[in-house]
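Report on one structure; see the data block that follows.
The values are calculated or read from the model by the stated rules, or taken from the named source; none is laboratory data. None of the values given here were measured: they were computed from a predicted structure. Glycine gets a Cβ as well: all are built from the backbone with ideal geometry, and neighbour counts include every protein chain shown. Areas reflect the complete protein model, heavy atoms only, side chains present, ligands, DNA and RNA absent. Shrake-Rupley method; radii C 1.70, N 1.55, O 1.52, S 1.80 Å.
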Amino acid sequence: MDARSPTEIDREAALEAGPWKRNLIVCVYGSFTTIVGMTLLLPFLPLYVEQLGVSDHAAIVQWSGIAYGATFFSAALTAPLWGRLADRYGRKLMLIRASLGMAIAMSLMGMAHNVYELVGLRLLTGLLGGYASGSTVMVAAQTPKSRSGWAIGVLSAGIMAGSLVGPLVGGILPPLIGIRASFFLIGGVIFVTFLATTFLLREGPRPKRTSGSKSRGGWELVPDRRPLIAMWLTGLLLMIANMSIEPIITVYVAQLVAAPQVTFVAGIVMSAAAFGSLLSSSHLGKLADRVGHWRIIIVCLAVSAVLLIPQAFVVSGWQLIVLRFLMGLALGGLLPCIASVIRHNVPDTVTGSMLGYSVSAQYAGQVIGPLAGGFVGGHIGMPAVFLGTSVLMALGAIGNWMIEKKR
């Protein structure tokens, strides 16, 4: 017997009959293009900083790091706000704002006169952007709950693909058309995203808000907050596990391969986990819709914890590549399942707010991961980075298992 209320059954039937598949296509395309825009400048950022008048080598590296991290810093701060506004004024409106804002900000980067303007525009990109996180809110809220894991998995694959393709495009375009023209081109591509979002996306009716949902972001409307907190922490752990290796990877690979191959192998290692996640996210999301999202989260965390241990003891570059790829396959199930668990455990009127906080937790992991990995690798040793991250993932699996069991 179906335990859902007649209202929930009617809403699910309306979502199933609605344009959620077309919305998913638009959101995947938009998330892909905007993530490409955010990561496009990675290969040529130091060159552009030098063009803008920074000459000292150390200063170039420092300003490059500041400029790249500025977008994610401002995005982490504003994600909950955009999620809450999406609940109140509409998810489509937030996607229109994000795509238009990014198209303008990316184009203006091509007209920067100095490094301060570049950093300011990168901050503006994070402040006005958030298309991928907004798409997660849109897809989670406008997709039938029985299909949410698969749909968010497909969206996650699009986001991962953008993070892989962005640096590749950034390495190809500048020699062909120049650095400034590359910004203008990606700005135009994101403007197409704005047009597609405006004219093709269809948002269904939103649930009516209650008076209580207007205070404190709707926190008091969540009946059981343990799943919510568990998912925020899981998202944090996911990004820490992904990013903790970033500061040490080139030095670690240098111990495993000959000098001429170091950068090539390091690049493959960095991409291996993302490629694995790209392949597995939609499949694990679909599996989670059948067997339970929380079960997949627990298994993914446990498998990742196990796979991190041999990474501390590899003796060749190919071993590390294979292990990172397998770890990516396991981690690919986490993002869609995190969003699905949140969707299933909070009222529809505050879905955007709660997913916004989840996105902020993930951005925090992107900041904490490299900082922690660099500190541990420099002061304790590089194997300790993998072993310490393994312990964190194992604790995450145990914590999620205990919370799920109590419920």
Reported set for segment 383-402 where residues are over 10 Å from I298 (Cβ atoms) and crowded, with 16+ Cβ neighbours inside 10 Å is P383, V385, F386, L387, G388, T389, S390, L392, M393, A394
Restricted to segment 61-77 and to residues being free of Cβ contacts under 8 Å to residues at least 40 places away in the same chain and open to solvent by 20 Å² or more (accessible area, probe 1.4 Å), the residue nearest to G120 (Cα to Cα) is G65
Subset of segment 106-127, residues open to solvent by less than 30 Å² (accessible area, probe 1.4 Å), assigned to a helix (DSSP H, G or I) and of a type in the set (A, V, I, L, M, F, W, C), comes to M106, M109, V115, L118, V119, L121
Here the qualifying pairs (Cβ atoms under 6 Å; residues six or more apart or on different chains; first in segment 348-368 and buried (at least 23 other Cβ atoms within 10 Å of the Cβ); second not in a helix (DSSP H, G or I)) come out as M354/V346
Scanning segment 313-333 for residues that are farther than 30 Å from H293 by Cα, open to solvent by less than 60 Å² (accessible area, probe 1.4 Å) and either in contact with a strand residue (DSSP E or B) (Cβ under 8 Å, 6 or more places away or on another chain) or not β-branched (V, I, T) (or both) gives S316, G317, Q319
Screening L41, L85, L81, L77 for residues that are at pLDDT below 90, hydrophobic (A, V, I, L, M, F, W, C) and not in a helix (DSSP H, G or I) leaves only L41
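Wholly within segment 249-351, which helices (runs of 4 or more DSSP H) include no fewer than the required count, namely at least 3 residues that are of a type in the set (V, I, T)?
Here the list reads 249-254, 262-291, 293-311, 334-345.
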